[in-house]
Structures are given as structure tokens and as C-alpha cells.
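Here's the structure we're looking at; comments come further down.
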Amino acid sequence: MPHRPPLVPHETFVADPPDLPIRAPGEDGLSALVSAELISTDMSGVSLKASTADGQTLVAQIDAAGDGIIRVRLGADPGATTRAARAITLVRPETYPEAIVEIDGATVLVHAGPLTAQVRLDPWHLRFLDASGRPLLEQNAGEQDISGRLRTLPFGRSHVDGEAVAYHESFTAQADEHFVGFGEKFTGLDKRGQRAQIWNFDAFGSESDRSYKNVPFYCSSKGYGVVVNSGAPVEFDVCQSTHSCVQILVPDDLIDYYVMAGPTPADVLDRYNRLTCRPLLPPKWAFGSWISSGFLVDTQDQVLARARTLRARGIPADVLHLDCYWQVAGHWSDLRWDRKNFPDPQGMLAVLAEQGFRVCLWINSYLSRLSPHFALAAERGYFLRRPNGEVYVADVWHGAFPPCGIVDFTNPDATAWFAGLLRPLLQQGVAVFKTDFAEGVPADAVAATGMTGVELHNVYPLLFNDAVAAVTREVAGHGLVWSRSSFLGGQRHSAQWGGDANCTYPAMGSTLRGGLSHGLSGVPFWSHDAGGFTGTPTPDLYVRWAQFGALSPLVRFHGTTSRLPWDFPAAAEKATAEVLRLRYRLLPYLYSAAVESARTGAPLMRALLVDSPDDPAAWQADLEYRLGRELLVAPMISPTGTRMVYLPAGEWVDHWTGEVHGGGRYLRVTTPLDRIPLFVRCGALIPTVEGRTSVADGPFTDLVLVSWGGRTARTVLRDVDGETTLTALRSGDRFDLRSTGPARIRAVSFAFVQDAPPPRWVSLNGEPLPVD
């Protein structure tokens, strides 16, 4: 269980994982592998009879599971599966016909293209080699301290009172090795020295080691990644107990993990996404700004007034989000309009559609016991139950609202019933749902499949979001949800946001860390509540967070109080509107980068290590990022307006001043309130559009290509109608642009760059081209 500070009241409802037992000094129960015998081989791998130090016999299986991917399993029998498999498939290994299996006496080699598993059977040892034969990763056989106490748990299994409680694996960590991933973790980006518990919590903000979204995956600076196929509360001791070892503890019916080759983090993420699933590209309109009602009582008249005001003030926006109060208070979430406050929702939706708005509705998977739907749903078995068979009515709102039943998505009838409540809303014109909560499955709950709450807890958000995405796709033609909780393979649910951050500068910083961590866990389409969620931001914090939001993969303004720009001082409203206009100008660039992220799994908000994996400083830079490949964003995380920014190798242009800075160093940056620290890679070609307050469904038109430095360069623009390759050749005062593809370039613009005079003659495919 996570540490709970003394003398602080704890929440009234906690869905924590059960504690694993602590072995007493001298207590038996450790079954560590010491040797193995070959049972069988096939085209992709081997099965082995594994012997342990305490005389147990287990089955080890090592297989090629794709190009550069090797799977390792250890269990009591060869057919063992994870407990989560009763509800969902988390990992989908490929058949890899190019696999090669070699057996040379007591050594087994399993080749999967650029990755090889090398097994020594007696005494047992497993390590992984790259394409050149260099060791990437190897098992740690177990370290002892001076008293003889075992400090690490080697590859094997542990028992307590004769019952198997967990499998485990340990890998030796190099002294200079860095580790990232594990989901949306708000702690320091490099997880070395931390203990990552893979258990979804209602984290109550973004400033602890609790996470709404956990992924049992990590990526190493040494050029490999590891993912564990389990829905259980897996624990990763990342050089915390001992600085020289990563330990993995899996309380499941087997340990089933995959090692993925790099050499770069982008290569690892590509293989991880192939193994799990590719990210879902959101609809183009989702990249516009989302404006929320806030966690406030709302009405139809207020919604329509917000829409009119946004358009009248020229503030770019595409989605209006209606939070909890579109439903009857105290009945959440029974998915029925509050007809007192929303007398004509269909008419309202039609008016908003004419104004170019989509509408998002808040929902969760809990149903108040006061709802008219509750009795029927309980009678039909649509809720999780207690071990005695009673409906599990839980205080999921922590005393703020009535207790609820938790919809059981392992029951197909319950899933169909829930979808049936959403379908009419979509048919009315609702575009998308915000799928809130879903971290609250109690450990002692029982599902229709017989799964316990511990077995269901982590995968429950996937089942919830799968159900909502499916009915949304059926009616609206896309599978977008806006979700708070997620798990392994959750990149199929775009988008995801960072939960209930406090309205403080430190919380904004830790929110950013969470987004970078989640992007390095295979989830590219992430957002956060601009302005913070809990409380009311000061005007300067509101602007700084709005700037961070506008230059994030997706942007939404939401909180417990108003986040409407005109509810802040005029200067704050102006600065917020301006940065949103900047976002909308950059949408061709952002959408093009998003298409690449959906294809490859690389983050859209790229931690510096993605593009600079050989730079040790990049693995520590967790308060800045590249947005796509060409922009470097460093949100202002201090009310002083000054911060340090690390610039990776290359030349970087200050977006606001045109000053050029050499990379590979730190820079002290001071910006006024209306400017976010923003840098552009010198030589970049950035496609832009002008004057938009909403996003059209079709291809971008009237494109202006902005050259930063007027240099020879090449870029690929990806849009709904395909790819366009743009190649610029600079020769003296000439700038010749070649375009192949459907995009139509109206003009070229040359941003001011220090000591880089623009050319005098510009052409496109041999014809003169206007210069903006």
C-alpha cells in the first residue's frame, strides 16, 4: 500500500491493492531458477523444464514475438494465462517467421531480428543481445548483503503458507542507466530510485506517486524496453532497494514479459505499439480548443450564451464540454438530461452545430443509488457485487455525493444496457463523452465472470472506455473518448487528460511531468485542465497554464470554478485568446505530427530524449518538450517569469525575438506574461493557416509555409487527403520549393531569424510564389 502520511485525514473510500506479505528472516518460500532442461522447440522458440533451488519444477518459455521482440514466460504449466485474460486481451504477439532458434549444448539462442535471447541452461542465466552481439539486458541472479540477507528477488516464484503469491524477475542496472515510462507518473521523469506500483488510483491531483493511468512498461537509455503482460498490481522496484537492480514483482498466475529492442526510444515505442495496439488518431476537430462549463451547475441558456460569447470575442473553440450537471444532481451518472435546466437538449445541440461547435458530455461508470435506473440495473445483475452477493454500493464520491453501484463491464448484458443509454444522446447530436473516474473497483468486489476486484481493477478502465468508444463509433463515426484512467493498450482511447490538478505552479509542473511520462508509455494524445482543476488560478497562472495547454497535443479549459477567458482580467483574456490563435495557426503542423504519432506510437509532446537519446541531459529534462519535431516548448513554471531551459544539440531560434541559440546547453529565459518560452529548430519548415476560429473537417486550405532561417530543408505534411512532401532548396537569393502531393501552398513566409536574410526570389514547382 502507498505510504500514507501521519496525522492527515485519509479519504473515506479507498480502492487500494492488498499488501503482499513480507517474508520473515530465514523463512522459506523462495523458488528461484537454478537450471533448466529442454522440453521442445518450434520455429519461434523453446519450452524448458525449469528447476528451482527449493526443488520445485516450473515451465519457462522463450519465444520470438515479432521483429526485435522476445517473450519470456514462467509458470506452473505451459498453458497458464494471466487472470486479466478472462476479461480482455492486453498484448497481441505476432508470428515471426524470420525467427531462428539455435541450440548448442547447454546454450540456447532465440533470434528475433535485432534482438537475441541467450539462455545458459545450467546454471541458469538469461540475457539479451542487440544486433551486434552487445549485451543489452541480463538477469540479476540475486544479491546478498553482508549478513546473507537476499536483497533482490531473482527469476522465480514466491510462496507463503504453501500458496504461490507472486512471480518475479530482476535485471542488472548499469550505473549510468535511466528509466522512463510506467504510465502517467507525476514524479521525476527518470524513474531510477523510485518504486512504480501499477495500480490505478483516484490520485486527487498530480503531485504524488499515485497515478490515474498506469502502464507496466518502461524504456531504458541503454536501448531496450520491457512490458509485463498482466492486469495485476505489478510492482517495479527501479533501483530503489538496491541501486544496481530493477526488480519486477507480478502477483499473477505467471510472469509474462516482453523485451523490445531499440536502439532509440522511438524504436522501442514503435515495437510496443505493434505489440499492444496503435494509437487512435482523434478527429481533426478534436485538435481545436475545448471549453468547459466547469464543475458548476449549468443550464441550456448558459451553454448557448457561452457559445455566442466565444464567437463574438473571436476566441477559437471547437468543443463545448458540459460537466456533471447536465444530469440531475445526485443521480450521477444515469445518463439522463436534467430537463429542468435543459428543456430542449436536441434543439440546443442543433444551434451549437450551426455555430460550428461539437458537444462533449461528462459521464462515469458509477450509478447513484438514488437514480431511477438503479433498482432495475441491480435486479438484472449489471453491477459489481460483494463476496456475499449483494450489490457493491461504494462511496466513490468520498462523501460528496450519494454512494453508487459500479457497472460490471465483464457482463455483456450490462455493457449493452450502458451503451443503450448513450446511444440516444449521440443520436441527438452529442459528439463525444468524457469518461471520468473508473479507478474505484474495490479489491474485494466480484464481477460476473468471477474475477475479483484485484484482478479487474486495472483493466476496468479499458472495458469502460471500450464500451463508450464502440457506441460512439457506431453512431458518430469515430471512437474518441476523453478519459481520465487507462492501462496497458489504452492508447486506443484518445484522448486522455491528467486529472484533477491543483491550481498552483508546482502542480502545473508535475502535470507536465505526467504528460511526458505518459507519452513515453505509448500514449501520444494527452491533455490537462488548463488553469488547473481544483481551486481558482491567479490571473498569471491562468495565462501560463493556458499557454501550456495551447501548445499541448490537445487543450481543454476546465476546473471547479470558471475557466472562461472573460472571467479573468482583460489582459489575461487577451493573452489566452492570442495563444489559442497561435495554436490554430499551427494546426496543419500539429495535425501532421499527430498523424505520424498515430502511425508510430511516438509521442506528440516529445520528451527531449525521444529526439536526443544519446544526450544524458535529455533524460533528465522533464519540464520542457518538443511539440512535434520542430518546436521546443518550455512552459513558464514560475510566477517570476524566469526559468532555465535546456536546448538540445543544434541551432534554436527564439520564436518571439528571432535570436539564435546554440544547443547542448542550458539557457536562462525570461518572458513577459503574454509570451511562453518557445523555440523553433533553425531551418524548419512549418505549415500554417490564418484566421481560423474553428477546425473544418476537410484538408487545410490556403496554407502558408513558414521558413525559419530560409535554409535548404524538407518536410512532410500529412492531412486527411494524404501526404505532401515539401522540399526547399536555398541557393544565394533564390528559394526554390518543390511540392509533391495534394496540399496547396498559397504563399511562403520567412520568419525573422537573426543574421539570416530572406531570399529575394521564391518559386513553387518552378512558378513564382507570393511571399507573406
statement: Most packed first (mean Cβ within 10 Å per residue), the peptides 122-132, 603-613, 18-28, 330-340 order as 603-613, 330-340, 122-132, 18-28
query: Lys/Arg Cβ at +1, Asp/Glu Cβ at -1, dipole of segment 69-139 taken about the Cα centre: which of Ser132, Ile100, Leu115 is farthest positive-ward?
result: Leu115
- prompt: Along the Cα-to-C-beta direction of Asp301, a point sits 7 Å from the Cα; which residues of segment 330-371 have their amide N less than 14 Å from that point?
  reply: 340-344
message: For segment 565-622, what does the convex hull of the Cα positions come to per residue, in cubic angstrom?
response: 122
- line: Working note, segment 15-143: Cα radius of gyration (Å, one decimal) and Dmax (Å, whole number) are 16.4, 50
query: Taking the simple approach of a point 7 Å from Cα along Cα-to-Cβ for both Arg151 and Arg423, what is their distance in nm?
result: 6.0
- prompt: Measuring from centroid to centroid over Cα atoms, what is the spacing of segment 343-410 and segment 658-686 in Å?
  reply: 47
- prompt: Sorted by packing (mean other beta-carbon atoms within 10 Å per residue), highest first, where do 765-772, 440-447, 615-622 land?
  reply: 440-447, 615-622, 765-772
- line: Between Arg734 and Glu767, the two model label points (7 Å from Cα along the beta-carbon direction) sit apart by a distance in nm of 1.9
task: Compute the FRET efficiency between Arg629 and Ala175 as 1/(1 + (r/R0)^6), taking r as their Cβ-Cβ distance and R0 = 35 Å, and round to the nearest 0.05.
output: 0.65
query: Averaged per residue, what accessible surface does segment 572-613 expose to a 1.4 Å probe, in Å²?
result: 22
query: Amide H neighbours of Val234 under 5 Å, counting only residues 5+ apart in sequence or on other chains, H built in-plane at 1.01 Å?
result: Ile198
message: Only helices at least 20 Å long along their own axis, judged from Cα atoms, and with Kyte-Doolittle mean hydropathy of 0.0 or greater: name those in the chain from DSSP H.
response: 412-428, 460-476
- request: From the P(r) of segment 630-704, can you give the percent of Cα pairs sitting at distances over 18 Å?
  value: 50
- prompt: Leaving out ligands, DNA and RNA, what percent of the accessible area of the chain is carbon and sulfur, probe 1.4 Å?
  reply: 52
- request: Pairs of Cα atoms under 8 Å, at least six residues apart: use those to get the relative contact order of the chain, whole percent.
  value: 10
- request: Note the full-extension length gain between Arg313 and Thr538 as 0.36 nm times their separation in residues minus their Cα-Cα distance, in nm to one decimal.
  value: 78.8 nm
message: What percentages make up the Cα-Cα pair-distance distribution of segment 74-231 when the bins are 10 Å wide from 0?
response: 8, 28, 39, 22, 4, 0
task: Starting from the exponent 0.38 and prefactor 2.2 Å, build the expected Rg for segment 621-760 from its residue count and divide its actual Cα Rg by it.
output: 1.13
task: Calculate, for segment 350-505, the solvent-accessible area per residue in square angstrom, rolling a 1.4 angstrom probe over the heavy atoms of the protein chains.
output: 29
statement: Quick shape check on segment 670-747: root eigenvalues a ≥ b ≥ c of the Cα gyration tensor, a/c under 1.5 is rounded, otherwise prolate if a/b tops b/c, else oblate, and it reads oblate
message: Rolling a 1.4 Å sphere over the protein heavy atoms, what is the accessible area per residue of segment 165-317, to the nearest Å²?
response: 24
message: I need the shape label for segment 276-400. Rule: rounded when a/c is under 1.5, else prolate if a/b > b/c, else oblate, with a, b, c from the alpha carbon gyration tensor.
response: prolate
- prompt: Using alpha-carbon positions, what is the distance between the centroids of segment 460-515 and segment 199-250, in Å?
  reply: 19
field: Rounded to whole Hz, the Karplus (6.51, -1.76, 1.60) HN-Hα couplings of segment 369-381, x for glycine and proline
entry: 5, 8, 5, x, 6, 5, 4, 5, 4, 5, 4, 8, x
task: Please give the peptides 305-317, 465-477, 549-561, 276-288 ranked by average Cβ packing (other Cβ atoms within 10 Å per residue), highest first, as a rough proxy for protection.
output: 549-561, 276-288, 465-477, 305-317
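The values are calculated or read from the model by the stated rules, or taken from the named source; none is laboratory data. Not measured: the values here are computed from a predicted model. Ideal geometry is used to build each Cβ from the backbone, glycine not excepted, and the neighbour counts take in all protein chains shown. Note: areas computed on protein heavy atoms with side chains; ligands, DNA, RNA excluded. Shrake-Rupley method; radii C 1.70, N 1.55, O 1.52, S 1.80 Å.
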